C-alpha cells in the first residue's frame, strides 16, 4: 500500500513542479508585458511633451494633425496592451491557484505517508514489547535448577 502511495506522491510532486514552472512562466510573461506597457507609456508622454514644446514655438496645422493621429495610435496600442495585461494577470492568478491545489495534494499524501510510517513504528514497538514480555514471562515461569 505504501509503495502505491509513494508512486502517487511522486506523481503529485511532478504535477506540483509543472504547476510551479507554469506559474513562473506566467509571472515572467506578465512582467515583460508590464515592461512593454511602461515603455510605451513613457514614449507617449515624451512624445506629448515634444508636441507641446513645438506647439509653443509654432506648429503647422498639418503637423499638429500628424502628432494627434500618432498619439491616437499610441493610445490604441496602450489600450491593447492594457487588455493583454488584464488577461495575463488572470492567467497568473489561475496558475497560482493550480499550483496551490497541487501543493495541497502533495502535502496531504505526504502527511498520509508519515502517519502510516508512524503507525508502523508504533505497531513494531508494541510487537517488540510483547515479545520481550513473553520472553520475560517464560524465564520467570521456568524453575531455577
Failed condition for residue 103, given (1) at pLDDT 95 or above; (2) farther than 30 Å from residue 16 by Cα | (2)
Which of the residues that make up the stretch 26-45 are free of Cβ contacts under 8 Å to residues at least 12 places away in the same chain and under 18 Å from the mean Cα position of the chain (by Cα)?
-> 28, 31, 32
Answer yes or no as to whether residue 48 is free of Cβ contacts under 8 Å to residues at least 60 places away in the same chain, more than 30 Å from residue 5 (Cβ to Cβ) and outside any helix (DSSP H, G or I).
-> no
Is the stretch 64-72 home to any residue that is closer than 21 Å to residue 10 by Cβ, surrounded by fewer than 12 Cβ atoms within 10 Å (Cβ to Cβ) and either at pLDDT below 95 or under 35 Å from the mean Cα position of the chain (by Cα) (or both)?
-> no
Restricting attention to the stretch 76-92, report how many residues are in contact with a helix residue (DSSP H, G or I) (Cβ under 7 Å, 6 or more places away or on another chain) and more than 28 Å from residue 20 (Cα to Cα).
-> 2
Would you call residue 85 within 27 Å of the chain's Cα centre (by Cα) and under 20 Å from residue 31 (Cα atoms)?
-> yes
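Residue-by-condition table, conditions (1) surrounded by 16 or more Cβ atoms within 10 Å (Cβ to Cβ); (2) under 30 Å from residue 120 (Cβ atoms); (3) at pLDDT 95 or above:
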residue	(1), (2), (3)
9	yes, yes, no
24	no, no, yes
31	no, no, yes
88	yes, no, yes
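The values are calculated or read from the model by the stated rules, or taken from the named source; none is laboratory data. Just so we're clear, the structure is a prediction, and the values are computed from it rather than from any experiment. Because the Cβ atoms are built from the backbone with ideal geometry, glycine has one as well, and the counts that use them run over all protein chains shown.
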